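S.K.: One structure, as structure tokens, below. Some questions next.
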Amino acid sequence: MAHPFDVDALCGQIIQALNDSLQGDITVFVAFSDRQARGLAKQAAWIAEATVAGELTAEDRQWFLDNLEQLAANFARTCAALTLLTIQKAWNAIVGTLWSAINGAISAATGIVLPVPAAPTA
């Protein structure tokens, strides 16, 4: 039985769809992560240096540490949210390409159009 479409071509289309979908996001994510990590590292260095130099009371140091902890938590939450969005885009690129190929191969001959599955929840 002949395949209704070229498997090698479809594989290339999936990879291209992923690249097209994610390339800009990855560039932005890396730049964002670098800026955030650098800022957190600078604040950590300042806290350590100011503590060694005796410039911070224990109370002040704790305030800055609490602030740094909150900034780190916000950074982690943002990274997680961006990861979820990236997964969604990857899913859409992969499944959109596959279902487009399947529907393109069968719809003209059969009138059947298969619904695109929803993204996984986890």
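S.K.: Could you calculate the contour length gain from Ile106 to Val7, that is, 0.36 nm times the residue separation minus the distance between their Cα atoms, to one decimal place in nm?
M.R.: Length gained, Ile106 through Val7: 34.1 nm.
S.K.: Now for a different question. For the chain, just run the numbers: alpha carbon Rg, then divide by 2.2 N^0.38 Å, N being how many residues it has.
M.R.: After normalising by residue count via 2.2 N^0.38 Å, the value is 1.77.
S.K.: Right, another one. Taking θ as phi - 60°, what are the ³J(HN,Hα) couplings along region 19-26 by the Karplus curve (6.51, -1.76, 1.60), each to the nearest whole Hz, with x for Gly and Pro?
M.R.: Couplings: 4, 4, 6, 9, 4, x, 5, 5 Hz.
S.K.: Relative to the longest principal axis of the C-alpha atoms of the chain, give the angle of the C-alpha long axis of helix 58-110, reported between 0 and 90° and rounded to the nearest 10°.
M.R.: Helix 58-110 sits roughly 0 degrees off the main axis of the chain.
S.K.: Once fully extended, how much extra length lies between Asn19 and Asn74, figured as 0.36 nm per residue of separation less the alpha-carbon to alpha-carbon distance?
M.R.: Gain on stretching Asn19 to Asn74: 17.0 nm.
S.K.: Something else about it: Using a Gaussian network model of the chain whose springs link C-alpha atoms within less than 10 Å, name the residue from Asp34, Asp60, Asp20 with the highest mean-square fluctuation.
M.R.: With Cα springs under 10 Å in the chain, the top fluctuation among Asp34, Asp60, Asp20 is at Asp60.
Just so you know, all these numbers are worked out from the coordinates, no wet-lab data involved. Fair warning: this is a prediction, and the values are worked out from it, not measured in the lab.
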